[in-house]
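> This structure is in structure tokens; I'll ask about it shortly.
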Amino acid sequence: MIVIEDVYKRYKTDHGPGKWILQGVNLTIPRNVNVGLIGSNGAGKSTLLRIIGGIDHPNKGKVERRCRLSWPMGQGGLEPTLTGRQNAKFVCRLHGHQDDLPERLIFIQDFSGLKDAFDEPVNTYSSGMRSRLQFAMSLAFDFDIYISDEVTAAGDAAFRDKAAAAFKGMTNRAGLIMVAHSESTLRQFCEAGILLYQGKAQWFDKIEEAFKAYKDTVQK
């Protein structure tokens, strides 16, 4: 599980410290639960996701990751001068998968749908191609919890269907923390919800309860 304790976050601006995006966030996110982050634009959804993933850090508070946590699916570092295959090889070796490297590369190439572009430099890819490669690389490894920021928006309908099937296949094996602008996407993949409002976070066991609470905040 992931334990978030009293997390505060704000960014510096040209005029000094900005306003608090997150203020005293306390959450415990269990394994094997698919949870969606809900809130208006600027509520801090992606900020919290980056902090959970260790890409960003809080100004105050801490995050304990008591599980194997993926990097954000569809995001993360790629070396642009290397090919997709070379990037995938590097990540596989980094995770200690030298022995079954060919099988994992086949999976990544097939799932990403890059075909011959898998052997082209990443700096020739569109943003959608990069996201699909990073998504496939995330799925090539077994994590306890996957984190996803708008990854289902990458690619065409066939890729989105493939992503949906992959998420559903994680049931009873791993959890998912997701940010998506589409309510239907969150309803499709998530059972629980976290509402972010005025810097605070509230957990809901049912995603529909989170959406109801969100609509109440909009009407205020």
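No lab work stands behind these numbers, since they all come straight from the coordinates. All values reported here derive from a predicted model rather than from experimental measurement. All Cβ positions, glycine included, derive from the backbone under ideal geometry; neighbour counts span all protein chains shown.
> For the pairs 12/200; 60/200; 89/115; 60/206, note any where the Cα-Cα span goes beyond 22 Å. Kindly include the intermediate steps, with their values, before the conclusion.
Numbers: 12/200 20 Å; 60/200 14 Å; 89/115 16 Å; 60/206 29 Å.
From 12/200; 60/200; 89/115; 60/206, over 22 Å: 60/206.
> Springs between alpha-carbon atoms under 10 Å, Gaussian network over the chain: tell me which of 205, 161, 116 tops the mean-square fluctuations.
Top of the fluctuation ranking is 116.
> Still on this structure, I have one more. Can you list residues whose amide H is under 5 Å from residue 177's amide H, if they're 5+ apart or on another chain and H is modeled 1.01 Å from N?
For residue 177, whose amide H was placed from the backbone, the distant partners under 5 Å are 35, 146, 147, 148.
> I'd like the chymotrypsin sites (Phe, Trp or Tyr not before Pro) in the range 1-105 restricted to DSSP loop residues with at most 13 other Cβ atoms within 10 Å, sorted by number. Mind showing how you got there, number by number?
On the way: sites: 8, 11, 20, 90; in loops: 11, 20.
Sparse-neighbourhood loop chymotrypsin sites (Phe, Trp or Tyr not before Pro): 11.
> So, one more: Using DSSP to define loop residues, name the trypsin sites (Lys or Arg not before Pro) in the range 1-91 whose beta-carbon has at most 16 other beta-carbon atoms within 10 Å. Intermediate values should be presented prior to the final figure.
On the way: sites: 9, 10, 12, 19, 31, 45, 50, 60, 62, 65, 66, 68, 85, 89; in loops: 10, 19, 31, 66, 68.
For trypsin sites (Lys or Arg not before Pro) across the range 1-91 that sit outside H, G, I, E and B with at most 16 neighbouring Cβ atoms in 10 Å, the list reads 19, 31, 66, 68.
> How large is ³J(HN,Hα) for each residue in the range 20-30, as worked out from phi by the Karplus curve 6.51 cos²θ - 1.76 cosθ + 1.60 (θ = phi - 60°), to whole Hz, x for Gly and Pro?
5, 7, 10, 9, x, 6, 10, 8, 10, 9, x
> Given H placed 1.01 Å from N in the peptide plane, which residues other than close sequence neighbours of residue 201 have an amide H under 5 Å from its amide H?
Amide H neighbours of residue 201: 26.
> From the residues 26, 102, 121, which one has its Cα farthest along the dipole of the chain in the positive direction, the dipole being from +1 and -1 charges on Cβ of Lys/Arg and Asp/Glu about the Cα centre?
Final value for the positive-end residue is 26.
> For residue 59, what residues show an amide H to amide H distance below 5 Å, using hydrogens built from the backbone and excluding near sequence neighbours?
Those qualifying (amide H under 5 Å, at least 5 residues apart or on another chain) are 8, 9, 10.
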